[in-house]
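This report refers to the structure that appears directly beneath it.
Laboratory data are not the source of any read-out in this text; all were calculated from the coordinates shown. As the structure is a prediction and not an experimental result, all values here were calculated from the model. Heads up, the Cβs are rebuilt from the backbone with ideal geometry, glycines too, and the neighbour counts pull from every protein chain shown.
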Protein chains: 2
Amino acid sequence: MEGLLTRCRALPALATCSHQLSQYAPQRFHHCAPRRGKRLVLSRMFQPQKLREDQVLSLAGRSGDLTCKSQRLMLQVGLIHPASPGCYHLLPYTVRAMEKLVRVIDQEMQTIGGQKVNMPSLSPAELWRATNRWHSMGRELLRLRDRHGKEYCLGPTHEEAITALVASQKTLSYKQLPFLLYQVTRKFRDEPRPRFGLLRGREFYMKDMYTFDSSPEAAQLTYGLVCDAYSSLFNRLGLQCVKVQADVGSIGGTMSHEFQLPMDVGEDRLVLCPSCHFSANVETLDSSRTNCPACQGPLTETKGIEVGHTFYLGTKYSSVFNAQFTNVHGKPSLAEMGCYGLGVTRILAAAIEVLSTEDCIRWPGLLAPYQVCLIPPKKGSKEEAATELAGHLYDHITEAVPQLQGEVLLDDRTHLTIGNRLKDANKFGYPFVIIAAKRALDDPAHFEVWCQNTGEVVFLTREGVLELLSQVQVV
Amino acid sequence: MEGLLTRCRALPALATCSHQLSQYAPQRFHHCAPRRGKRLVLSRMFQPQKLREDQVLSLAGRSGDLTCKSQRLMLQVGLIHPASPGCYHLLPYTVRAMEKLVRVIDQEMQTIGGQKVNMPSLSPAELWRATNRWHSMGRELLRLRDRHGKEYCLGPTHEEAITALVASQKTLSYKQLPFLLYQVTRKFRDEPRPRFGLLRGREFYMKDMYTFDSSPEAAQLTYGLVCDAYSSLFNRLGLQCVKVQADVGSIGGTMSHEFQLPMDVGEDRLVLCPSCHFSANVETLDSSRTNCPACQGPLTETKGIEVGHTFYLGTKYSSVFNAQFTNVHGKPSLAEMGCYGLGVTRILAAAIEVLSTEDCIRWPGLLAPYQVCLIPPKKGSKEEAATELAGHLYDHITEAVPQLQGEVLLDDRTHLTIGNRLKDANKFGYPFVIIAAKRALDDPAHFEVWCQNTGEVVFLTREGVLELLSQVQVV
């Protein structure tokens, strides 16, 4: 330890700790928000939002038919832009919403012990040949060769890669398990007919978690833990998901559940039993069945979109790659695995699909790209004197409610009437729209506050606005 | 507006705002950190860290030679794991460091008005044919066909895609410019001989920004603004970068600079003039030149690794895709562009390369995966009574210093001596290592604190530890 001490002391930097700290830590510390005093203004947003209906249709034509509400709305207001069939550019509002969703996912996964990794998209063919999925996944895999002729696919999922990675850790002990390893990365699937915008793309973001346990019993516990975390996640987003028994498909394993969000454009058919808790994807049932396998009562059918999927894999993959650990008896033993997916971009689109009206986007409160839109009066109108009040209110909010820094947008397009801008704000679905109009000139000033997720409109003083907004939770 | 009011009121949720809020906002709010009272422990980390030297070599053999210090150290302690030539799995510590780096990048880019987008990796061949880069980029492009035979490359950079995207916005006015659009995504380059670990991979993370201005003068200002943000970024990381004039290469344009981090394994040769501020990549100079073009003084030469690159593009791309805006005279005009790259995974490896010793990793303070490692006494040792004190200190730190929630790791491998665990902690480079040993049993208890970025070791009471750590800045 003395030697270590000497060696460390020999490092070049020799000032005191607190002095030295300032070299590594920045003098200024700022959040992902504009500098104090600088306001976020709508006119500078990169948001091709003035698309006319015919433009939307022609754009969408390049990317399959305009097939559902979320796709149409997201194109109209400039949340996404088609890049090639099944591939979209995510524009700034969508990136903000997605980053918030990823933070919620990180919180939920890390609460149950998830550790985040990041695996390459280029996935060597030999891994997929080892499990025979190079053949069985057929044309869904996007395949390529590098300059040396080596074959790869673009990973649609990573059971092979993660299992080989864990198998490479030769000294694993049962005491270290379970491992819950996950990533949030782009996945690729060569859909024959991509459609529904972000609901069924060829390149999309997915959270995929892989778990490694020391026994089937422990793996069942982990499976339940992840399912509970998924339920917690969807609850926090205000999305009413149904967990149904599902087919294992090309992933394999012995048990599987889907988290389905019921909606008309859903591509899965679900059956639910109103009298007991049974629910299933119809794929898993005998086609002639019309009554509940659990209680024999009649089943009701609905359509849903799969936003999450869980698989109990057993040793299907660990046996192929020899992913072993040393068990309590000191003997090598195969890890019991599970895998768990969440469609990240799909959840965003699905939430918009179920929460929005035909014309107006609504977001889960936690995921709204901006929480507050502030509308000052029209230039030259008789309320123009309230313009400055709106600016001050902006500053007061971001000072008094720190979590809203970077979350308040000023609609500075004051050549437009308040009504027109309110119409836009309604379309975009900011949870709170605050208007400085006639009553802002009262003493004390009153602001018109639209709570868009409830449909309520109230007039509040500055203090009232701050009190209301201090309750807003952001992630 | 009345109609709008009615329609909004007709939305299903009708409770009061504050009541309703609780539906969308979670009851519990937690950071990306374990629940209160739950401690992060080292024994549960997925970190294949016990690799012996021969294992490291055999692993690395699959991924090119073991070519530099950062690659060797990152493999040894389990920060990365080879997946295929030039492709690495990023393991949990690296993902944490990378996410911190991305936050610093976001802050710097958003401070100058950057807006974050996200463009697909699958990039249609027709875009690249339009600029002739489908041909000129040659074998560096990874190419593939989808099931319909349509050709794509995996984007190594996105000038074509972003310009086509901006060109699609038909109603752009000079008043909206500049746009500073950026993304942090995986890029692909089919390197003939990938090497140096994350320094030169085939799949890597890059921040790429593209700017659109209304005049060459405005574009020059934006160019300077982005360069300043890059300097600010590297300053915050404590990395002494040199900005040198550079060749425009396959990107094109009329002016270019590189941000080079001087290091022996650097692949670029730089010349610097000690008497004036001139600096350049030797590629840009006449090979016979030995004196400074600015002051005629002698030039010194050094090697560097490029961590950032800026290009002034003019209308090279906007003219191909017709990316226009309406100028102050109401006439269509081509946007003046710039593009700006930062190698995200490369910066991580380069920082490790320059800051580490041969055996011990050192991080820029802001990017360290965990800020604090707490080492309780060995089980059965005569200091064992201090174990509980170490646990309490863990809780005190995370309670009293909120920004360190999720940043403190307890090395619970108490079957090992303090010395052995300190050796590991030294290798991993936690900025602060706190040991509860003999003097923790004093009254008041004293903890041994290793400030690893300065090499200083001090004994502090609990209050002293809290005071020291309260100065640590995290991102």
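Determine the relative contact order of chain A: mean sequence separation of Cα pairs under 8 Å and six or more apart, normalised by residue count, in whole percent.
15
Put +1 on the Cβ of every Lys and Arg and -1 on every Asp and Glu Cβ in the protein assembly as shown; which of A:Q260, B:A167, B:W134 then has its Cα farthest towards the positive end of the dipole?
Among A:Q260, B:A167, B:W134, the one farthest towards the positive end of the dipole of the protein assembly as shown is B:W134.
Suppose R0 equals 56 Å. What FRET efficiency, 1/(1 + (r/R0)^6) with r the Cβ-Cβ distance, do A:V282 and B:R139 give to the nearest 0.05?
So, using R0 = 56 Å, E works out to roughly 0.70.
In the structure displayed, which of A:K150/B:K243; A:K170/A:K316; A:K69/A:K100 lie more than 29 Å apart, Cα to Cα?
Checking Cα-Cα distances, A:K150/B:K243 exceed 29 Å.
What aspartates and glutamates could a cross-link reach from B:K175, if we take a straight Cα to Cα line under 12 Å and drop same-chain neighbours fewer than 8 places away?
Cross-link targets: B:D213.
Between B:E463 and A:D228, what's the calculated FRET efficiency when r is the beta-carbon distance and R0 is 56 Å? Round to 0.05. Please report the intermediate quantities before stating the final value.
On the way: r = 40 Å, r/R0 = 0.71.
Efficiency for this residue pair is about 0.90.
Can you tally the lysine pairs in region A:370-469 where the Cα-Cα distance is under 16 Å and the two residues are eight or more apart, or on different chains?
Lysine pairs satisfying the spacing and distance rule in region A:370-469 number 4.
Please list 3J(HN,Hα) in residue order for region B:370-387, calculated via the Karplus relation 6.51 cos²θ - 1.76 cosθ + 1.60 where θ = phi - 60°; whole Hz, with x for glycine and proline.
Going residue by residue, I get 10, 7, 10, 10, 10, 10, x, x, 5, 4, x, 7, 6, 8, 3, 4, 7, 4 Hz, with x marking Gly and Pro.
Determine ³J(HN,Hα), in whole Hz, for all residues of region A:390-407 in sequence, where each value follows from phi through the Karplus function 6.51 cos²θ - 1.76 cosθ + 1.60 and θ = phi - 60°; x replaces Gly and Pro.
These are the phi-based 3J(HN,Hα) values: 5, x, 5, 4, 3, 5, 4, 4, 6, 7, 7, 10, x, 5, 8, 4, x, 10 Hz.
Enumerate the calculated ³J(HN,Hα) couplings along region A:196-209 in order (Karplus 6.51 cos²θ - 1.76 cosθ + 1.60, θ = phi - 60°), each rounded to whole Hz, writing x wherever the residue is Gly or Pro.
Taking θ as phi minus 60°, the curve returns 6, x, 6, 6, 9, x, 9, 10, 7, 8, 9, 9, 10, 10 Hz for region A:196-209.
Hey, got the average number of other protein chain Cβ atoms within 10 angstrom for residues in B:85-96?
5
Treating the protein assembly as shown as a set of equal point scatterers at the Cα positions, no solvent, please give the Debye-formula log₁₀ I(q)/I(0) at q = 0.10 Å⁻¹.
Rounded to two decimals, the profile gives -1.31.
Kindly provide the Kirkwood hydrodynamic radius of chain A in Å, to one decimal, from all pairs of distinct alpha carbon atoms.
Computed over Cα pairs of chain A, the Kirkwood hydrodynamic radius comes out at 25.4 Å.
Lys and Arg at +1, Asp and Glu at -1: add these up for the other residues within a Cβ distance under 10 Å of B:P120 and post the number.
Taking every other residue near B:P120 into account, the sum is +1.
Within region B:97-137, name every residue whose backbone N is under 15 Å away from a label modeled 7 Å from Cα of B:N235 along the Cβ vector.
Answer for region B:97-137: B:108-109, B:111-112.
Across the Cα atoms of region B:292-449, what radius of gyration and what greatest pairwise Cα-Cα distance (Dmax) are found, in Å?
26.5, 83
Take the Cα radius of gyration of region A:370-469 and divide it by 2.2 N^0.38 Å, with N its residue count; two decimals is plenty.
Details: Rg = 12.2 Å, N = 100, 2.2 N^0.38 = 12.7 Å.
With N residues counted in region A:370-469, Rg over 2.2 N^0.38 Å equals 0.96.
Highest mean first, what order results for B:298-311, B:429-442 on Cβ atoms within 10 Å?
For the peptides B:298-311, B:429-442, the packing ranking is B:429-442, B:298-311.
If the viscosity is 0.692 mPa s and the temperature 37 °C, what translational diffusion coefficient in µm²/s does Stokes-Einstein give for region A:93-354 when Rh comes from Kirkwood over Cα pairs? Before the final figure, lay out the partial values.
Values: Rh = 19.4 Å.
This corresponds to a translational diffusion coefficient of 170 µm²/s.
Starting from the 7 Å offset along Cα-to-Cβ, what nm value, one decimal, do you get for the label separation of B:Q403 and A:T302?
4.6
So what's the back-of-envelope 222 nm ellipticity for the protein assembly as shown, counting only DSSP H runs of four-plus at -39500 (n - 2.57) apiece and dividing by all residues, rounded to 500? Kindly include the intermediate steps, with their values, before the conclusion.
Details: 28 runs with 286 residues, N = 950.
Result for the protein assembly as shown, helices only: -9000 deg cm²/dmol.
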